[in-house]
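Taking it in order: structure first as structure tokens, then the write-up.
Since every read-out is calculated from the coordinates, none of them should be taken as a lab result. No experiment lies behind these values; they were computed from the predicted model shown. Here the Cβ positions follow ideal geometry from the backbone for every residue, glycine too, while neighbour counts run over all protein chains shown.
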Amino acid sequence: MRLNPIVRFAGSKLLRLGLLLLAVALFTFVLLSLSPIDPIQAYVGADMMLISPEQQELIAQRWGLDQPFLARLWDWLGQLLQGNLGISMVFNQPVIEVLANRFQASLQMLAIAWLISGILGLLLGIASGALEGSWIDRAIRLYAYTLASSPTFWVALLLLIVFSVSLKVTPICCAAPPGVLTEDVTIWQHLHHLLLPALTLSIIGIANITLHTRQKLIEVLHSDYVLFAQAQGERLWGIVRHHGFRNILLPALTLQFASLSELFGGSVLVEQVFAYPGLGEATVQAALRSDVPLLVGIVFFSALFVYIGNTIADLSYPIIDPRIRLGGNLEP
Amino acid sequence: MLSISNLSITFTQYNQGLRRKHLHVITDLSLDVQAGEVVAVVGSSGSGKSLLAHTLLGILPTNAEYTGTLLFQGQPLTQKRCERLRGRAIALVPQSVAYLDPLMKVGHQVQRVAQLNGVSPAAARTLTHQTFQRYDLATNTQRRYPFQLSGGMARRVLVSTAVVTQADLVIADEPTPGLHPDVVREALTHLRELAEAGRGVILITHDIEAALQIADRIAVFYAGTTVEIAAAQDFSTGRLRHPYTQALWRSLPKNDFIPLPGNQPNPEQLPEGCLFSDRCPWVTPECTANRPALRQINNGWVRCIHA
């Protein structure tokens, strides 16, 4: 059966995903149960003083908070399995809807940042690796090390100061100009607001990919097969084009998909600085205002997102590398 | 066609901070190769055989420096000329399949070599096809990756990379180790055929028996220098000139099977006089005073004052 390995692979990945989500669910539930957040107080907010203890008791009963720990856990897991993530207190909307809206906004930013950092990182890494030791290599490395060691929020603030405050070429916050209805926002206004956050996020991602690509290319350039290519009269850029690119593409792709998790983490900080209404910004709000259902939803979603990124990286190996794809199989 | 005289290579290394040390890996090496002949370069590992190949192709590491005269077709072989000639006039047949790009189909790799020789892509495809056919490699071999080749197939593909060039000089670096005797014989035959076609072939090996099967002349390297250049028949007729070559010959299983005690000198601390003096049965005080020059005796060359 030709399909068998793929089916088995997908099956094992799905099983692992299920186990991962279960573990995430258990940990989140236990941690939040032990946390000092009082769900009733978080729900009622400042009006807590106006509510009698009897009324609080009633809410607790209605929410099942008077039940023992295991019963609550069981109840919650049951709802989770039916796809019910609860209702967000901050947005007063089902958590699923909040996640969908917010992720849509974040996705555009993540996609732009992911593409820019991938392509620029690869190009810079190749230039720096091929010209190892030259001033170009040194300049690129200096840039990469500096960025790799700068905190994301600081870079975001710096860009905000330069481009939005001093040069006034980009908007200072949000996803749309103030006072404009969501329906009336043009695509250009939208991209204009997206530009700086996406740029910040990609600048952070570039450093990592550049340094990895550089290292891998240097390894390739010191290999026996590159020595032989030189003996055949191949020049530096011919070697990079015919042998280097082919051999660094695989690790670069893996890294690119694995970097999704870092981008996702970075987006929390970047969205906060630019007040961009994405998933990252929602995370901060949910945490600050003790919105337990939304927080749990986001934790779940990010686990899923990162897992998918890593799985695509895993899958790309057997597809791209003939040594894995064909194995020892001699039939072409 | 190729003439090397008094080639010396020094490596500069830094150890423990900034202490510089010089390694004299090749000292006063001489060799000449004519068109249409196979010259075998024989020596144990560390005698500088592969470095000679790398020098001729201009692919020495950057911390290496060399002195001496290299003449190829009458012109000095400078680094610039090396870079222009390598792959075109001088070709390498590498040691193993590890010298092929692991992610490129072998047919494509051989084609690329032909294209680097100025052949058009279409002609390169035809040339590759013809060469593979000549070496009994099935058409689908072209679509294989290096890891899918058997030892014998790999050897034939590696020879093909030299055959598709117009190279006048082919350097085969250790083409035989770890192979089945039949494959060894086949690989050697292919090299002999290259010489019959009028090319000069340098066969670098540590296996004297393999070298004797196809070589016209044999150059014996010891500690980075040429100790003797003898015709192939000098070995069987017992007309060897240098004590190291004689010891090497005696150490073969089919002869006396007597190993020579001791090791090659460390390239950091070469002896003042003859490089072989500390292991030589004929050693006299003159040997340890000065390095002997290469002398011509009986149509061969030897670096020994007692020969």
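One table, with the values for the structure above:
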item: Of A:GLY129, A:THR146, A:GLN82, farthest towards positive along the dipole that unit charges on Lys, Arg, Asp, Glu beta carbons give region A:71-155; result: A:THR146
item: DSSP-assigned coil residues among trypsin sites (Lys or Arg not before Pro) in region B:237-307, each with at most 11 further Cβ atoms within 10 Å; result: B:LYS254
item: Residue among B:HIS24, B:GLY178, B:VAL163 farthest towards the positive dipole end of the protein assembly as shown, charges placed on Cβ; result: B:VAL163
item: Of A:LYS216/B:LYS105; A:LYS13/B:LYS105; A:LYS168/A:LYS216, pairs whose Cα-Cα distance is over 29 Å; result: A:LYS13/B:LYS105; A:LYS168/A:LYS216
item: Cross-link partners of B:LYS21 among aspartates and glutamates (Cα-Cα below 19 Å; sequence separation of 8 or more within a chain); result: B:GLU65, B:GLU268, B:GLU272
item: Tilt relative to chain B, helix B:121-134 - C-alpha long axis, 0 to 90 degrees, to 10; result: 70
item: Cα centre as origin, Lys/Arg/Asp/Glu Cβ charges: the protein assembly as shown dipole, Debye; result: 1720
item: For region B:23-28, Karplus couplings with θ = phi - 60° (6.51, -1.76, 1.60), whole Hz, Gly/Pro x; result: 10, 8, 7, 9, 10, 6
item: Partner aspartates and glutamates for B:LYS254 [C-alpha distance under 14 Å; skip if fewer than 8 residues away on the same chain]; result: B:ASP207, B:GLU209
item: Ranked list, fewest to most other Cβ atoms within 10 Å of each Cβ, for A:LYS216, A:LYS168; result: A:LYS168, A:LYS216
item: Alpha-carbon centroid distance for the pair region B:187-239 / region A:73-111, whole angstrom; result: 77
item: Cα gyration tensor shape of chain A, rounded if a/c is under 1.5, else prolate or oblate by comparing a/b with b/c; result: oblate
